[in-house]
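Engineer: Here it is: the structure, laid out below.
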Amino acid sequence: MAHSCAVCDTKTSAGKKFIQSCLNTHEVVCLGFHNTLLRKGCEDKCHSCKNQAESEERWQKSLEIQKKEIEWGKKENLSKKQMKELNDNFDKLEREYEDWLKATYEKTWERQTGYYMWLAGCK
C-alpha cells in the first residue's frame, strides 16, 4: 500500500508531482528524518522521535542515579575499592551512553542524506 498525501491524496510514488504539490505544503518529513511523513504542523508526533527522546531520558536518569550513588559513597566513606567500583560503573555507563548517542546521530545523518538524495533524484 503506497502512502498518499492526507490532504490531496497524491501518492508519494508520484515523485516530482508529490514534491511540487505536497511536500512541505501538506506533509513534512519528521525532524529525525525517520521514514515518516506527517501532516504539516504535526512534526512533533513522530513515534520514532518520541521513542528516541524517551530513550535519551532513560539514559540521563541512569547517569543521574549513578552520580547520586557516588555522592552517597563519598558521604558514607566507602572503601577505595567500593568507590572505584562505583566510579567504574559510572564511566562504563557514560561510555555506553556516548556510543548510543553517536550511533543515533549517525543513523539520523544516514536518513537525512537518503532523504536529500531521494529529493534530488525526483527534481
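No value in this document is a laboratory result; all are computed from the given coordinates. All figures in this text were calculated on a predicted structure; none of them were measured in a lab. Counting neighbours? That spans all protein chains shown, and the Cβs are built from the backbone with ideal geometry, glycine included.
Engineer: Full extension from GLU69 to ASP99: what is 0.36 nm times the residue separation minus their Cα-Cα distance, to one decimal in nm?
Structural biologist: 8.5 nm
Engineer: If the reach is capped at under 20 angstrom between alpha carbons, list the aspartates and glutamates near LYS17, excluding any in the same chain fewer than eight residues apart.
Structural biologist: Partners within reach: ASP9, GLU27.
Engineer: Also: Would you mind checking the tilt of helix 80-122 against the longest principal axis of the Cα atoms of the chain, expressed as 0 to 90 degrees and rounded to 10?
Structural biologist: Helix 80-122 sits at roughly 10 degrees to that axis.
Engineer: Under 29 Å Cα to Cα from LYS16, which lysines show up? Leave out anything in the same chain fewer than 8 places away.
Structural biologist: LYS40, LYS45, LYS107, LYS123
Engineer: Continuing with this model, one more query. Which entry is the computed Cα extents along the principal axes in Å for this structure: [x] 135, 30, 16; [y] 69, 24, 22; [z] 47, 27, 18?
Structural biologist: Label [y] holds the value from this structure.
Engineer: I've got another one for you. Using Cα atoms only, what is the angle between the long axis of helix 47-75 and the major principal axis of the chain, expressed in degrees (0 to 90) to the nearest 10?
Structural biologist: Helix 47-75 sits at roughly 10 degrees to that axis.
Engineer: If you put +1 on each Lys and Arg Cβ and -1 on each Asp and Glu Cβ, how big is the dipole of the chain around its Cα centre, in Debye rounded to 20?
Structural biologist: Here the size comes out at about 340 debye.
Engineer: What ranking do 25-32, 112-119, 12-19 get when scored by the average of other Cβ atoms within 10 Å per residue, highest first?
Structural biologist: My ranking of the peptides, most packed first, is 25-32, 12-19, 112-119.
Engineer: Of GLN82, TRP100, SER55, whose Cα points farthest to the positive end of the dipole of the stretch 54-110 (charges on the beta-carbon: +1 Lys, Arg; -1 Asp, Glu; origin at the Cα centre)?
Structural biologist: Farthest along the dipole direction, towards plus: GLN82.
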